[in-house]
Amino acid sequence: MTTVILKKKIGHRVLNGHPWIFANEVQSVEGDATGGTIVEVVTYDKKFLGRGYINPKSQILVRLLTRNKQESIDDQFFYNRLLSAWQYRQQLGYVENCRLIFGEADFLPQLIIDKFNDYFVIQTLALGIDVWKPAIVDAINKIFKPKGIYERNDVPVRELEGLPQQKGFLSAPFNTFIQINENGLKFNVDIENGQKTGYFLDQQDNRRAIQHIVKGADVLGAFTYTGTFEIHAAAYGAKSVLGLDISELAVKQANDNAALNGVQDRCKFEAVNAFDVLKQWGKDGRQYDVVMLDPPSFTKTRDNIQKAITGYKEINLRGMKLVKPGGFLVTSSCTNLVQSDLFMEIIQMAAKDARRKLRQVCFQAQSADHPIINEWENTKYLKFLITQVV
Ligand code: SAH
């Protein structure tokens with residue numbers, strides 16, 4: 001077994017349980033350090049800290065899989081982790097669709113598994129987890145007897161690990177255009193060509209939160225993707241719903257989803273740039289009872305954080321101006337680079353510029369199938385705010 005010996009002076013982060021070990025925290029490596037190898041991590045005085053996988057190509061040299069000295073990393077280990085993740089989701093009330101594995105927060109760093117009823121979509125985002133793909137697929141087969149498993153590893157972050165971008169079947173081929181139920185509604189999911197794993201499960205609990213404020217309302221939704229929030233709004237009794245997305249394909253799928261739920265007369269979608277359109281409609285004096293925004297992250301790196309701040313402020317300012325006095329703004333942010341406090345500051349700056357007062361209805365995170373470990377910042381990423389705009 002390869003041993004990774006840490007420096008004497010390391011931060012409390014690792015000692016307190018964080019699974020990442022950076023190269024500059026390591027004193028020496030004894031044994032085989034080939035990328036993907038399972039290693040044992042010890043303190044400078046050789047006390048066992050945990051077992052994990054190493055990749056000398058990555059800035060994060062080791063990611064820990066276990067802190068339990070008795071636990072070895074083998075096929076059974078992955079089976080046990082997947083089973084306990086599934087038991088946890090069931091305990092929380094998820095029966096059909098859920099993020100089954102949310103990486104670090106499920107103690108399986110860089111592994112994502114989304115369960116869409118009988119179909120599973122996998123992302124292995126680091127070399128050390130990628131090598132265990134056969135064991136992971138095997139565990140899914142044993143626990144769920146699924147109708148299909150698909151790999152959506154067409155993600156640039158894999159290149160930092162020396163891995164190629166790829167997608168394809170990990171089971172016998174199947175029709176990757178599937179249908180799921182969420183909150184009593186039906187949605188088509190394009191597993192092969194949809195964004196990320198095909199569907200944003202992280203908003204599934206939040207979509208229910210708009211239930212009361214949309215009744216009888218004229219609703220505008222921007223960044224709608226396949227129309228999930230908007231179709232919920234129509235089903236919850238909105239008078240009219242208009243959804244906007246820059247992607248023609250997303251808008252087509254959103255219109256199809258509206259028809260699938262019989263709300264196509266009250267719920268329409270258009271392919272436009274939300275930044276341009278919201279600005280123009282503000283000038284035209286258009287007003288809505290509810291405006292919903294769910295923009296992309298605007299940046300992937302800390303260096304570009306200002307770009308994200310400007311983006312969020314600008315779109316929320318434009319959105320707020322379209323809300324009737326006493327109406328509601330429903331707004332989200334999906335990057336861990338902007339944490340809750342900063343997000344709230346941005347919303348307040350927008351309110352100040354719009355000369356509006358806000359009264360918070362609710363402030364939530366991602367849905368509970370994406371667990372949060374408070375000290376691990378990358379597990380805290382989604383902010384979901386409903387606020388009255390007075
Ligand atoms: N609300 C959706 C997820 C939205 S993801 C859901 O719950 O499923 C963000 C969406 O914003 C993507 O579909 C992307 O196509 C869209 N988008 C990105 N830039 C945009 C822009 N300038 N105008 C409109 N839509 C945009």
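If only one of Gln360, Gln348 is over 30 Å from Gln110 (Cβ atoms), in a strand (DSSP E or B), away from the ligand (no atom under 16 Å from the Cβ) and open to solvent by 50 Å² or more (accessible area, probe 1.4 Å), which one is it? So the residue among Gln360, Gln348 that is over 30 Å from Gln110 (Cβ atoms), in a strand (DSSP E or B), away from the ligand (no atom under 16 Å from the Cβ) and open to solvent by 50 Å² or more (accessible area, probe 1.4 Å) is Gln360.
For the stretch 117-129, the criterion of a residue being in a helix (DSSP H, G or I) and free of Cβ contacts under 8 Å to residues at least 40 places away in the same chain is satisfied by no position. Comparison of Ala250, Ala234, Ala238 shows that the only residue that is more than 10 Å from the ligand (Cβ to nearest atom), in the same structural domain as Ser333 (by TED's automatic domain parsing), open to solvent by less than 70 Å² (accessible area, probe 1.4 Å) and in a helix (DSSP H, G or I) is Ala234.
Looking only at the stretch 363-383, which residues are in contact (Cβ under 8 Å) with a residue 40 or more places away in the chain and outside any loop (DSSP other than H, G, I, E, B)?
Gln364, Glu377, Asn378, Thr379, Lys383
The set of residues in the stretch 201-231 that are within 9 Å of the ligand (Cβ to nearest atom), β-branched (Val, Ile, Thr) and part of a strand (DSSP E or B) is empty. State yes or no: is Phe223 surrounded by fewer than 22 Cβ atoms within 10 Å (Cβ to Cβ), assigned by TED's automatic domain parsing to the domain that holds Ser333 and closer than 26 Å to Cys362 by Cα? Considered against the rule, which asks whether it is surrounded by fewer than 22 Cβ atoms within 10 Å (Cβ to Cβ), assigned by TED's automatic domain parsing to the domain that holds Ser333 and closer than 26 Å to Cys362 by Cα, Phe223 comes out as yes.
Return the only residue of Thr310, Thr387 being hydroxyl-bearing (Ser, Thr, Tyr) and within 20 Å of Gln203 (Cβ to Cβ). None of the other options fit; the residue is Thr387. Which one is nearest to Gly311 (Cα to Cα), of the residues in the stretch 263-279 that are open to solvent by 40 Å² or more (accessible area, probe 1.4 Å) and more than 13 Å from the ligand (Cβ to nearest atom)? Checking each candidate, the answer is Lys268. Residues considered: Gly243, Gly198, Gly194. Of these, the only one that is of a type outside the set (A, V, I, L, M), within 11 Å of the ligand (Cβ to nearest atom) and in contact with a Gly (Cβ under 9 Å, 6 or more places away or on another chain) is Gly243. Screening Ile149, Ile140, Ile113 for residues that are touching a residue at least 12 places away in the same chain (Cβ under 8 Å) and under 25 Å from Trp376 (Cα atoms) leaves exactly one candidate, Ile113.
Scanning the stretch 306-344 for residues that are of a type outside the set (Phe, Trp, Tyr), under 19 Å from Trp376 (Cα atoms) and not in a strand (DSSP E or B) returns Cys334, Thr335, Asn336, Leu337, Val338, Gln339, Ser340, Asp341, Leu342. Checking each residue in the stretch 294-306 for being more than 13 Å from the ligand (Cβ to nearest atom) and open to solvent by 50 Å² or more (accessible area, probe 1.4 Å) picks out Lys300, Thr301, Arg302, Asp303, Asn304, Gln306.
Here are Gln76, Gln123, Gln70: which of them is surrounded by 18 or more Cβ atoms within 10 Å (Cβ to Cβ) and polar (S, T, N, Q)? After ruling out the rest, the residue left standing is Gln123.
Is it true that some residue in the stretch 169-179 is within 16 Å of the ligand (Cβ to nearest atom), more than 18 Å from the chain's Cα centre (by Cα) and crowded, with 16+ Cβ neighbours inside 10 Å? The answer is yes, given that some residue of the stretch 169-179 is within 16 Å of the ligand (Cβ to nearest atom), more than 18 Å from the chain's Cα centre (by Cα) and crowded, with 16+ Cβ neighbours inside 10 Å.
The values are calculated or read from the model by the stated rules, or taken from the named source; none is laboratory data. In this text the structure is predicted, and so the values were computed from the model without any measurement. Note that each Cβ is placed from the backbone with ideal geometry, even for glycine, and that neighbours are counted across all protein chains shown. Accessible surface areas use protein heavy atoms only, side chains included; no ligands, DNA or RNA. Shrake-Rupley method; radii C 1.70, N 1.55, O 1.52, S 1.80 Å.
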